[in-house]
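Okay, so here's the structure we're looking at.
The values are calculated or read from the model by the stated rules, or taken from the named source; none is laboratory data. Model, not experiment: these values are computed from the prediction. Cβ: placed from backbone, ideal geometry, glycine included. Neighbour counts: every protein chain shown. Surface areas here come from the heavy atoms of the whole protein model, side chains and all, with no ligands, DNA or RNA. Shrake-Rupley method; radii C 1.70, N 1.55, O 1.52, S 1.80 Å.
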Amino acid sequence: MQFHNAGFRAGRWVAILVAVALTLAAAPLRAAGLEEALAHFATDDFGEIAEGITAVAESGDPRAALILDALQDGRLLYSAEQKRVFYKDAAGALHDAATAMPVSGGEPADIDTVGINNRLRRAIDAALGSLTLLSPDRAKRYDAAQAVFKSHEANLLPAVEGAIDKETDPSIKRVLNEARAAIILNSDDASEADKIDAVAVIRARGDQDSVALLQGLPADAPDAVAAAAKRAIAAIGNELALWDLAQNAWYGLSLGSVLLLAAIGLAITFGVMGVINMAHGEMVMIGAYVTFVIQELARTTYAAYPGLLEYSLLIAVPAAFVIAGLVGMLIERGIIRFLYGRPLETLLATWGLSLILQQGVRTAFGPTNREVSNPSWMSGAFEAGHLNITYNRLWIICFALAVFVTLLAVLRFTRLGLEMRAVTQNRAMAAAMGIRTGRIDALTFGLGSGIAGIAGVALSQIDNVSPNLGQGYIIDSFMVVVFGGVGNLWGTLLGAMTLGIANKFLEPMAGAVLGKIAILVLIILFIQKRPRGLFALKGRAVEA
């Protein structure tokens, strides 16, 4: 028994010594493998450099990515006389690529940059991709799989297949299978059946990269593979055309939500008071500048509270509503109430007021654009199928619908809403019933201006904050209100979305300017047929 234990202990020590010896030997072996790979770079032969890229990637050395990055950035150099390869770090210091040690005594006299061309750039991207296919970082693995798909280098097939076996994330595994299919499709050794299966995988991906890959098939591809690729290209083209239509519809909804925010306040004032307010765009501008001021305070005066900037947009919404609403009430009490029943004078007065407000903002903030940052929850984008959806547009659509629903609730369930509807339908009868129409006019103008202010908060996230911000939306807002039906919120919603989608579908065909002209002509023709818009208000005063 003692002999057995002694033999076991002796065997264990032998195993430990062997493991230590193998560990000590691994580093020189890796270094030797890297040195052999680096030898391919001491030349200006692109074919030899391509072999070096493959050899460095397959060496397993932890410095492989660093060397390939240097090659990609033009920081890898060689001396043909010394047969040594060097790289420069970010600070410009020269290092020996084989040892990673700084070079002392100055640069060799014949040192030159290792040259690359477009084919080698693709090979570098693919090699760097293969090095990160097994990275613990999900984003890096995904980007690496996409890089391999685009390069479809044949020597990366074993690395891709190994990564497929180990990958657990379904979306990354799908991209890895697509990368494998791209490599097989361009391989000379793959069978015809495998290539047809690869075409099916790439067909399922269905994007422009897939079309480019299938169109780039070798001229000597088997007839069955070429026919399958041709059918796949046609099918992908049809699908992408439908996705383009869906993308334009999304852009149209996005534009429609912006028009809704800009026009909904105008629909109230125009419908209740019959006032053509040319200064409505400046209420939008005031809301945008309120957002800018709040963010500046968060950056400077209250910089000790770092989270404040992230939520400054939420603070700006009620602030812009109150400030723009108060300005609107001052305008109504100071100017508009003296001009009721005189539409031409009202139009001229509010147009002059808009110029005064613009000049006042230029004096206070300067004529240049002001920066308003997006919070993190409104930054970035995601893909739904082949739709590219940005978070800021998505939030603005949700915000516009929330404002619309809230305003409907105010008009339907509050005393102010009841009195506003009464004044809209028959001002004289409402006054006879004891409603103070002058007070309702002031509150209505303030409400419409306040909504325009919060529209400015939203527009600050997608447009330039400048004194001319509101001028870009005033004409479109009037078109929305007239098209939908003066004073009708449902008509304003439908009009905004219709005009937004129509704009985005006409722009690719006719251009931005001609598209807007076409929309204007169509609205004029529509108003000739239905002078009161899509949804005409009912009431004795309205029908008189």
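Things to note:
- A straight line joining the Cα centroids of the stretch 273-329 and the stretch 422-446 runs 29 Å.
- For the stretch 336-414 versus the stretch 233-255, the gap between their alpha-carbon centres in whole angstrom: 28 Å
- Loop-located GluC sites (Glu not before Pro) in the stretch 368-437 whose Cβ has at most 15 other Cβ within 10 Å (DSSP): Glu371
- Remark: accessible surface ordering of Arg333, Arg415 (largest first) is Arg415, Arg333, probe radius 1.4 Å.
- Among residues other than Leu489 with Cβ under 12 Å from its Cβ, the summed charge is +2 (Lys and Arg +1, Asp and Glu -1).
- Angstrom value of the Kirkwood radius, inverse mean 1/r, which spans all Cα pairs in the chain: 29.3 Å
- Think of the chain as a dipole: +1 on every Lys or Arg Cβ, -1 on every Asp or Glu Cβ, centred on the Cα centre; then among Gly74, Ile264, Trp250, Ile264 lies furthest on the positive end.
- Potential extension, Ala91-Asn464 segment - 0.36 nm per residue separation minus Cα distance: 130.5 nm
- Note on Lys150: accessible area is roughly 120 Å² with a 1.4 Å probe, heavy atoms of protein only.
- In degrees, nearest ten, helix 489-510 long axis to first principal axis of the chain (Cα): 50 degrees
- Per residue, the solvent-accessible area of the stretch 248-307 (1.4 Å probe, heavy atoms of protein chains only, all protein chains present) comes to 28 Å².
- Ranking Leu297, Leu266 by solvent-accessible area of protein heavy atoms (1.4 Å probe, all protein chains present), from largest to smallest, gives Leu297, Leu266.
- Largest-first ordering by accessible area, 1.4 Å probe, given options Asp169, Asp73, Asp44: Asp44, Asp73, Asp169
- Stokes-Einstein D for the stretch 357-409, Kirkwood Rh over Cα pairs, 4 °C, 1.567 mPa s (µm²/s): 91 µm²/s
- For the Cα trace of the stretch 324-479, dividing Rg by the Kirkwood Rh returns an Rg/Rh value of 1.04.
- Helix content alone sets the calculated 222 nm mean residue ellipticity of the chain: runs of n ≥ 4 DSSP H residues at -39500 (n - 2.57) each, divided across all residues, give -23500 deg cm²/dmol.
- Hull-based mean projected area of the stretch 107-245, where the convex hull spans the alpha carbons, in square nanometres: 11.5 nm²
- Dipole in debye (nearest 20) - the chain, about Cα centre, beta carbon charges: Lys, Arg +1; Asp, Glu -1: 3700 debye
- Note that the stretch 41-165 shows a convex hull volume over its alpha carbon atoms of 107 Å³ per residue.
- Estimated at the nearest 10 Å², the accessible area of Thr300 is 90 Å² with a 1.4 Å probe.
- Fully extending the segment from Asp165 to Trp243 would add 24.8 nm, taking 0.36 nm per residue of separation and subtracting the current Cα-Cα distance.
- Protein accessible area in the chain, 1.4 Å probe - carbon and sulfur %: 62 percent
- The stretch 235-252 - phi-based ³J(HN,Hα) in whole Hz, Karplus 6.51/-1.76/1.60, Gly and Pro as x: 5, 5, x, 5, 5, 5, 5, 5, 5, 4, 4, 5, 5, 5, 5, 5, 4, x
- Computed over the stretch 463-502, the range of Cα coordinates on each principal axis works out to 30, 21, 12 Å, biggest value leading.
- Taking the charge dipole of the chain about its Cα centre, with +1 at Lys and Arg Cβ atoms and -1 at Asp and Glu Cβ atoms, the residue from Ala234, Val480, Leu133 reaching farthest to the positive side is Val480.
- Relative contact order, percent, the chain [alpha-carbon distance under 8 Å, six or more residues apart]: 15 percent
- Positive dipole terminus of the chain, leading residue within Tyr305, Asn186, Ile116 (C-beta point charges): Tyr305
- Unit Cα scatterers, Debye sum, the stretch 194-315: log10 I(q)/I(0) for q = 0.10, 0.13, 0.19, 0.22 Å⁻¹: -0.66, -0.73, -1.02, -1.14
- Between Trp490 and Arg231, the simple label model (points 7 Å from Cα in the Cβ direction) yields a spacing of 5.0 nm.
- Over all other residues within a Cβ to Cβ distance under 11 Å of Phe86, the charged ones net out to -1, with Lys and Arg as +1 and Asp and Glu as -1.
- 0 to 90° range, to nearest 10: angle between helix 437-459 axis and the chain longest Cα axis: 10 degrees
- Among the listed pairs Lys173/Lys230; Lys140/Lys166; Lys195/Lys230; Lys166/Lys195, a Cα-Cα separation exceeding 19 Å is found for Lys173/Lys230; Lys166/Lys195.
- Between 0 and 90°, nearest 10: helix 2-38 axis offset from the chain longest Cα axis: 70 degrees
- Per-residue surface analysis assigns Leu326 an accessible area of about 100 Å², computed on protein heavy atoms at 1.4 Å probe radius.
- P(r) histogram, all alpha-carbon pairs of the stretch 279-358 included - 5 Å bins from 0, percent: 3, 15, 20, 18, 13, 10, 8, 6, 4, 2, 1
- Inter-probe distance in nm under a simple model that places probes 7 Å from Cα toward Cβ, at Met101 and Leu418: 9.2 nm
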